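The values are calculated or read from the model by the stated rules, or taken from the named source; none is laboratory data. Not measured: the values here are computed from a predicted model. Positions of Cβ are generated from backbone atoms using ideal geometry, with glycine treated the same way; all protein chains shown enter the neighbour counts. For the accessible areas, the whole protein counts, side chains as well, though only heavy atoms, and no ligand, DNA or RNA atoms are used. Shrake-Rupley method; radii C 1.70, N 1.55, O 1.52, S 1.80 Å.
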Amino acid sequence: MKNNKILIFDTTLRDGEQSPGASMNIGEKVRIATQLEKLGVNIIEAGFPAASMGDFKAVKIISEKLEKSQIAALCRTHLQDITKAWDAIKKAKHPRIHVFIATSDIHMKYKLRMSKNQIIEKAVKAVKYAASFTDNIEFSAEDSSRSDPDFLCQIFNAVIDSGASTINLTDTVGYAVPGEFSKLIKYIIKNTLNIHKAVLSVHCHNDLGLATSNTLAAISSGAGQVEVTINGIGERAGNASLEEVVMSLNTRPNFFQKKTSINTRKIYEISRLVRMITGITIQPNRPIVGANAFSHKAGIHQHGILKNPMTYEIMKPETIGLNKNKLILGKHSGRHAFYAHVKEMGYNLSENELNLIFKKFKLLADKKKKILSDDIEALINEEILRTREVFSLKSLYVSTGTEVDSTATLELKINNKIVNGSTKANGPIDAVFNTISRITNTKSELLRFSISALTSGTDAQGEVTVRLIEHGIIALGRGTSSDIIIASALAYINGLNRLEHLKKENFTIKQESF
Ligand code: KIV
Ligand code: ZN
């Protein structure tokens, strides 16, 4: 019988983290990995252990924590990278070593300065070395779509003979188009003698907006594994997105006749989590997870939807776990009702965390009449995702007006000491940020500031995202509050805390041949 199962390899924590400014700290990576496992991802690429101490530690902790998903660690063909990768994943229940080297003429000539024979020799040596640790080895030919197809067959044949159990065809620069990519897959399957001994995987980038199309074309042509990321984040224009690929297979079962192990009802939740952690916003018209993906504006559409949702909806919002943003709790809701709702939303919080969130919920309910599920989620994410804090806000007072400078007076806790200060500036947010940077004695530069309403209405919660840079390290900070000045202060402080973490965790090596 033909195998109709497609393996989902998620690389949000590795290629996704290569999105500019998307660096995550270890705790955040572990949280995403845990959710990826619950989502049903078969293989989680947890990082590139030789790249930095932070990556090594994150991969190691994820390997020790997860039970079901395979944990992959990326490495170049350098033997020391492979040793390091194995060191990080050896305690995983299902470890995978992922080795890559470039195979296109342009990469071999200018980046690696190696001949085809040298590349094959290096790849074979690396795979054989990896095989001394595990039989779960993936080999990627970087820039496959611009490589000589016969050379690809030759190198795949050699690495499969040396122990590779998965071979990965990459469209590293997002250059492929579906018809041509499909032909390449068929050519590789036909002309690689031992291909039946390995799973054929694809890894597509989105530079021309074709990553999902190329991935689906590859599935129809015989690929058994696809490499994807949540929300399509990744290097440059990103990678093929998990939600688009999976929902295409789900929505068009007769066409594709392929299944995955993904629990689609968890897609919305993880998309939101990745957005919150990376600070990479999702455009409203983005398929599946964009804010407008299931909203209908035209009267004729609304009428049709009321009669039968399938007139204009090819997927049900519930299939991706999207509950309409219903009113769930109010000012008089008690602790038990609140806890039950939090549980229903899929959160498993400790007693202390629940108490903390409940207190915050009560404060919010005093200010805001309708508490929506998005409000509660914002509160939970604000508290639970907040990094261990060096700096925290104790109090804030701002005065501003049309004829006067704005003045901000803040009280912060810095490593358990209370410090305060006051500054005047052109506007209230400028005054708040200047005061924070002065009293924390930090020198980061603000690269980006964005503000959006999380829910609707004039009493909606505002979400502020800032991007800070210090000594080349970029960190994102987020803050939510029904007061946008407070949200801004919280975001800035959160960014500073994350910078502190990243400074401690990240010891980046020179990536001379990556
Ligand atoms: O895009 C690419 O080629 C990659 C490889 C390292 C798999 O990310
Ligand atoms: Zn990639």
Of every hundred units of 1.4 Å-probe accessible area on the chain, the number belonging to carbon and sulfur atoms, as a percent, is 52
In the neighbourhood of THR251 defined by beta carbon distances under 11 Å, the net charge of the other residues (Lys, Arg +1; Asp, Glu -1) is 0
Packing-ranked peptide list from 415-422, 163-170, highest mean Cβ count within 10 angstrom first, is 163-170, 415-422
Here segment 310-315 yields Karplus 3J(HN,Hα) values (6.51, -1.76, 1.60; θ = phi - 60°; whole Hz; Gly and Pro given as x) of 6, 5, 10, 10, 7, 10
The local net charge around GLU45, scoring Lys/Arg +1 and Asp/Glu -1 for residues other than GLU45 whose Cβ lies under 12 Å from its Cβ, equals -3
Taking the square root of 5λ for each eigenvalue of the C-alpha gyration tensor of the chain, the equivalent ellipsoid has semi-axes, largest first and in whole angstrom, of 43, 28, 20
Ignoring ligands and nucleic acids, ASP87 exposes an accessible area, probe 1.4 Å, in Å² to the nearest 10, of 70
Quick note, segment 391-504: a/c under 1.5 would make it rounded; otherwise a/b > b/c is prolate and the rest oblate (a ≥ b ≥ c, C-alpha gyration tensor); here it is oblate
Shape call for segment 150-290, from the Cα gyration tensor axes a ≥ b ≥ c (a/c under 1.5 means rounded, otherwise prolate when a/b beats b/c, else oblate), comes out prolate
In the chain the DSSP beta bridges are antiparallel at a rate, in percent to nearest 5, of 50
Counting only protein heavy atoms and leaving out ligands, DNA and RNA, the solvent-accessible surface of LYS90 at a 1.4 Å probe, in Å² to the nearest 10, equals 100
Of the listed links LYS90/LYS443; LYS68/LYS116; LYS29/LYS343; LYS362/LYS394; LYS183/LYS258; LYS5/LYS343, those spanning more than 30 angstrom between alpha carbons are LYS90/LYS443; LYS68/LYS116; LYS5/LYS343
Highest mean packing first, using Cβ neighbours within 10 angstrom, the peptides 482-492, 177-187 sort as 482-492, 177-187
Under 5 Å from the placed amide H of GLY234, counting only residues 5+ away or on other chains, we find SER19, ASN239
Karplus-derived 3J(HN,Hα) from phi for segment 281-293 (6.51 cos²θ - 1.76 cosθ + 1.60, θ = phi - 60°), whole Hz, x at Gly and Pro, runs 6, 10, 5, x, 8, 5, x, 6, 10, x, 4, 9, 4
